[in-house]
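Here the structure comes first, spelled out in structure tokens, and everything after it is commentary.
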Amino acid sequence: MLNVVIFGAPGSGKGTQSEKLIEKYGLKHVSTGDLLRAEIKGKSQLGQMAESYMSKGQLVPDEVVIGMLEGLVQRNGHVKGFIFDGFPRTLAQGEALDAMLTKYNEKVNVVLSLEVEDEELIVRLLKRGEISGRSDDNRETIESRLRVYYNQTAPLKDFYEEQGKLVRIPGQGSIDDIFASMATVLDRITV
Ligand code: B4P
């Protein structure tokens, strides 16, 4: 399996690039943001709980997100690999992902970290908010998401750097150029 984590701040282009990567590499896309938004749309109990965190720009509790992913990884043992988009977002999630994959003699092969300046992130998310209707794409919530990112998510970079898995990708510029940089890294990995 080729297991890739797409890492980055909110609005860094994780979802955008994941869509292109799954097409080229035939990997299974796992976006915790999409999974949670589907729960909200379906008005499930989990969705109602998740919305109360997401609309404030906070992370949904680890045990909820980890539980959601465990079953998904288990059901997809046959795939060529996974693209984890927006997961892990805390150290506890990073450790849980390692444990989940180890059970199947698998591991995270590489972590592609999209590096984008805050000003650009804010512009992108405000722009998306105008069309997406996402309740978390407004200025106040975006600022809270960025604070949460630096406090709770960014420390994972050290976690993966220590494992020699972190590759920083410049995330500003054309979507195709950024995609090409990511593909160059993935094409060098043999599994
Ligand atoms: P996510 O759904 O993961 O979304 P995101 O971080 O906001 O965006 P992403 O980086 O995917 O940006 P995108 O490509 O869309 O998370 C939403 C919320 O869900 C979180 O705040 C949290 O509450 C919850 N959640 C999710 N996972 C969780 C977890 N593991 N644990 C706990 N809670 C969790 O790009 C953004 C915009 O930029 C788009 O409009 C796009 O068109 C544009 N764009 C992309 N690339 C561009 C480029 N190169 N140039 C210009 N614009 C670009």
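Decide, for the chain, between rounded, prolate and oblate: order the square roots of the alpha carbon gyration tensor eigenvalues as a ≥ b ≥ c, take rounded if a/c falls under 1.5, and otherwise choose prolate if a/b is larger than b/c, else oblate. Verdict is oblate for the chain. Label point of Met100 set 7 angstrom out along Cα-Cβ; within region 1-20, amide nitrogens under 14 Å from it belong to 3-6.
Hey, how many Å between the Cα centroid of region 1-22 and the Cα centroid of region 145-167? Centre-to-centre (Cα) distance: 15 Å.
For the residues Arg75, Arg128, Arg147, a GNM of the chain with alpha-carbon springs under 10 Å puts the largest fluctuation on Arg75.
Carbon and sulfur together cover what percent of the accessible area of region 2-190 at a 1.4 Å probe radius? Roughly 49 percent, rounded to a whole number. Which of the lysines could a cross-linker span from Lys41 if the Cα-Cα distance has to be under 24 Å and same-chain partners fewer than 8 positions apart are dropped? The reachable lysines, counting only those whose Cα sits under 24 Å from Lys41, are Lys14, Lys28, Lys56, Lys127. What the chain shows is 51 Å² of accessible area per residue, with the surface traced by a 1.4 Å probe over protein heavy atoms.
The values are calculated or read from the model by the stated rules, or taken from the named source; none is laboratory data. Not measured: the values here are computed from a predicted model. Note: ideal-geometry Cβ built from the backbone for every residue, glycine included; neighbour counts use all protein chains shown. SASA here: full protein model, heavy atoms, side chains in, ligands and nucleic acids out. Shrake-Rupley method; radii C 1.70, N 1.55, O 1.52, S 1.80 Å.
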